Amino acid sequence: MLKKKDLLGLYDTSAEEIDEILREAEGMRKFLDGKNKKSDLLSGKSLITLFYENSTRTRTSFELAGKYLGASEVNISSSASSVQKGETLIDTGETLDSLKTDFIVIRHPMAGAPKLLAGRVKASVLNGGDGMNEHPTQALLDMLALKRKFKKIEGLKIAILGDIKHSRVAKSNLFGLTKLGAQVYMYAPATLLPKEIEKLGAKVCKSREEAIEGADGVMGLRIQLERQNGGLFPSLSEYSKYYGVNDELLKYAKKDAIVLHPGPVNRGVELSPSVIDGEKSVILEQVTCGLAVRMALLKLLAEYREAEL
Ligand code: CP
């Protein structure tokens, strides 16, 4: 059983807790391959997704996770909510709490918003991505995809290339993967690489080849134009030429390496189309793993709530 009310990030989640989530998620992933995707594990519970930023994968998979497990589920997008009338995050959270909500999944452009909310509500808060801070369920689903391929995370070499500076996915993966004993190699233009990343456990490389050499997993990250004011690289075509991953570069990885990307992908920018659609790509399997991870988390947090609250 998880020993926490909320899932805010992997920085403060232990290796044992991550292992437990992945074990549960492996069971859910098998459940999703079955014909009947309906369970009553969360019957009588309620889930609200509160999204202040756009999403396809995270929001939809949390909503489906709730539905498949029998919970009542409602979505609030900030553009259609009382946030537009000036309501604060805390007032919104306390309102949702008064509706006897069990789980709130929040995505917010401000780093720390889920933590702020979690301290003010009885509901369990799950971080669906907060600014440039963390995206813990994305990293957990990436680890599930890796574990399904390689059976364990310990000892793997994972290369992460792209817009690391603005990426909450990169940070959550760095925390989670290193806690489970993987080595994380990173490569990006200097303008897209935070100086402190080495202190957090990443090995910074001088070239794409160095990062990918002998890698088990190669992860491309989206260029996050919405978090930049421009001027960090000359153009998207030059970015693709000097920093993108193509079939030639993949030859440096291990023969059985897999290619990951959190999505949405800018086709032909961070990964070439032939890599995205190639046999090493597990990008669509990642999406299914995302559903399994979110089902597992809802189940584990529900067990905690039943026992402790
Ligand atoms: N990877 C991810 O978070 O995708 P969405 O923005 O579609 O949720």
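So here's what we get for this one:
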read-out	value
Packing-based order for 60-73, 254-267, using average beta carbon neighbours within 10 Å, highest first	60-73, 254-267
Ser39 paired with Glu238, simple spin-label distance in nm, labels 7 Å along Cα-to-beta-carbon	5.1 nm
Rounded tilt (10° steps) of 136-150 against the dominant C-alpha axis of the chain	60 degrees
Mean Cβ count within 10 Å, highest first, over the residues of peptides 114-127, 190-203	114-127, 190-203
Pair Thr191, Ser79: separation of 7 Å Cα→Cβ label points (nm)	2.9 nm
Cβ-placed point charges (K, R +1; D, E -1), dipole of the chain about Cα centre in debye, nearest 20	280 debye
Stretch gain in nm, segment Ser98-Asp277, where the contour uses 0.36 nm per residue and the Cα spacing is subtracted	59.8 nm
Carbon plus sulfur fraction of accessible area for the chain, probe 1.4 Å, in percent	51 percent
Hydrodynamic radius of segment 136-282 per Kirkwood, over alpha carbon pairs, in Å	15.0 Å
Lys, Arg +1 and Asp, Glu -1 on Cβ, resulting dipole of segment 136-282 about Cα centre, debye, nearest 20	480 debye
Which of Leu177, Gly263, Leu236, positive extreme of dipole for segment 136-282 (C-beta unit charges)	Leu177
Over segment 166-229, volume per residue of the alpha carbon convex hull, in Å³	87 Å³
FRET efficiency, Lys199 to Leu116 (Cβ-Cβ, R0 22 Å, nearest 0.05)	0.30
Probe 1.4 Å, protein heavy atoms only - accessible area per residue of segment 154-286 in square angstrom	44 Å²
Calculated FRET efficiency for the pair Glu213/Thr88, C-beta based, R₀ 45 Å, to 0.05	0.35
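The values are calculated or read from the model by the stated rules, or taken from the named source; none is laboratory data. Model, not experiment: these values are computed from the prediction. Note that each Cβ is placed from the backbone with ideal geometry, even for glycine, and that neighbours are counted across all protein chains shown. Surface accessibility is based on the protein's heavy atoms, side chains included, excluding ligands, DNA and RNA. Shrake-Rupley method; radii C 1.70, N 1.55, O 1.52, S 1.80 Å.
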